[in-house]
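Please read the structure below before turning to the comments.
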Ligand code: PEP
């Protein structure tokens, strides 16, 4: 049984002070988890204070992005050693907003994921099709190609995949459990081709409008090992409800 992983992607939301207030509300109910990995990816500027506020809890920190280079002339960028200094254990790479708005290619995503693993951290590699691609019937081809290219050189140990259909992100239009499971099973098959025996231990999160009222049905699917959550992770109450739902999947 794979240990579920629930991750909050706060995107460009919350100051450091907001992050501390979130932790104060969230930790009493959800701060100690034995059976589920709970991860928060705040903006870079909130990492330090959030780390302090999370001290003593089981919640881990992630970054939303990283530059694959170790240092140098990359104005505005953040390196892995900077993230390590703030206790990050995970780094989200290839989020669809990075791919669509900032033109990140799968080759760049792979370079980041390789660098993340090289630093001893865990990449959360995001893939997913647009609505246009789904309507054309190209979902599996698109996701398959993104996986092959985004995982070039990446090892199967300490790897998390997030399947996030672009049409479901921030839209309130969640994939049905059947649609999500179909793609997750395909991702698992693809991972078997790439990583043989370790493929079954790679965790595959679903992301896209996950909320407390739709999470249980998604988490009941055999290849869905957790969620990457944007909107519903911004409020302590809803994120804490999601922790309980994912934890009960782990226990059941
Ligand atoms: C995301 O940004 O990764 C995401 C899934 O957002 P939302 O939950 O708001 O759809």
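Read-outs: derived from the displayed coordinates by stated rules, not from any lab. Since the model is a prediction, treat every value here as computed from it, not as a measurement. No Cβ is skipped: glycine too gets one built from the backbone with ideal geometry, and neighbour counts run over all protein chains shown.
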For this session: Kindly provide the helix-only [θ] at 222 nm of the chain, computed as the sum of -39,500 (n - 2.57) over DSSP H runs of four or more divided by all residues, to the nearest 500 deg cm²/dmol?
Result: -12500 deg cm²/dmol
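From the Cα gyration tensor of segment 129-252, with a ≥ b ≥ c the square roots of its eigenvalues, which class applies: rounded if a/c is under 1.5, or else prolate if a/b is larger than b/c, or else oblate?
Working: a/c = 1.93, a/b = 1.29, b/c = 1.50.
It comes out oblate by the Cα gyration axes.
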Problem set entry | Förster radius 25 Å - calculated FRET efficiency between residue 178 and residue 130, Cβ distance, rounded to 0.05 | 0.80
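Roughly what % antiparallel, to the nearest 5, for the DSSP beta bridges in the chain? Walk me through the numbers before you get to the answer.
Working: 0 of 28 bridges.
Among the beta bridges of the chain, antiparallel pairing accounts for roughly 0 percent.
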Exercise. How large are Rg and Dmax for segment 96-168 when only the alpha carbon atoms are used, in Å?
Worked result: 12.4, 39
For this session: Output the direction-averaged projected area (hull surface divided by four) of the convex hull of the alpha-carbon atoms of segment 59-232, in nm².
Result: 9.9 nm²
Exercise. What is the extension gain from residue 69 to residue 155, computed as 0.36 nm multiplied by their sequence separation minus the C-alpha to C-alpha distance, in nm to one decimal?
Worked result: 29.1 nm
